[in-house]
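A short write-up of the structure that comes next.
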């Protein structure tokens, strides 16, 4: 009977630790709405204001505005953060690397400065067409109306 209590106690402790880690992970992310995202991207000078609606559409298509989004893909790579920056080309898991010379895990927090720096490099390389979400949901489609975001 004592062995059973000890197993239950160990399982409870492990469960509690996992819950704490899960909550810490959620606390590090943020889900952006359209206008706060547009203002943040503009303030951090991702591009001219005339292109911000494309960036907002891209972000919503790729991550739903979730800075903590991590997606494992069929090609054994992983995409990170609000722009879904891929580990195969642009960053490295666990260390700095890739074409952006960034650690992938740094893209899943609320600080968008490193994400934007890498996203600009991706854009300079292949335009918005480098993101499948933009191609399928934004290209030649009605882009978000951001006119009310600048008031």
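The values are calculated or read from the model by the stated rules, or taken from the named source; none is laboratory data. Predicted model only: the values in this text are computed from it and were never measured. Every residue, glycine as well, gets a Cβ built from its backbone with ideal geometry; the counts of neighbours run over all protein chains shown.
Could you tell me which residue of segment 117-151 is surrounded by the fewest Cβ atoms within 10 Å (Cβ to Cβ), considering only residues that are under 14 Å from the mean Cα position of the chain (by Cα) and under 16 Å from residue 61 (Cα atoms)?
Ranking the qualifying residues of segment 117-151, first place goes to 133.
With respect to residue 111, is the statement that it is assigned to a loop (DSSP other than H, G, I, E, B), within 21 Å of residue 36 (Cβ to Cβ) and free of Cβ contacts under 8 Å to residues at least 40 places away in the same chain true?
yes
Give the number of residues within segment 133-151 that are within 24 Å of residue 73 (Cα to Cα) and in contact (Cβ under 8 Å) with a residue 12 or more places away in the chain.
Going through segment 133-151 one residue at a time, the tally reaches 5.
One line per residue, one yes/no per condition, for (1) within 24 Å of residue 140 (Cβ to Cβ); (2) buried (at least 22 other Cβ atoms within 10 Å of the Cβ); (3) modelled with pLDDT under 95:
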{"position": "54", "(1), (2), (3)": "yes, no, no"}
{"position": "59", "(1), (2), (3)": "yes, yes, no"}
{"position": "67", "(1), (2), (3)": "no, yes, no"}
{"position": "76", "(1), (2), (3)": "no, no, yes"}
{"position": "83", "(1), (2), (3)": "yes, yes, no"}
{"position": "93", "(1), (2), (3)": "no, no, no"}
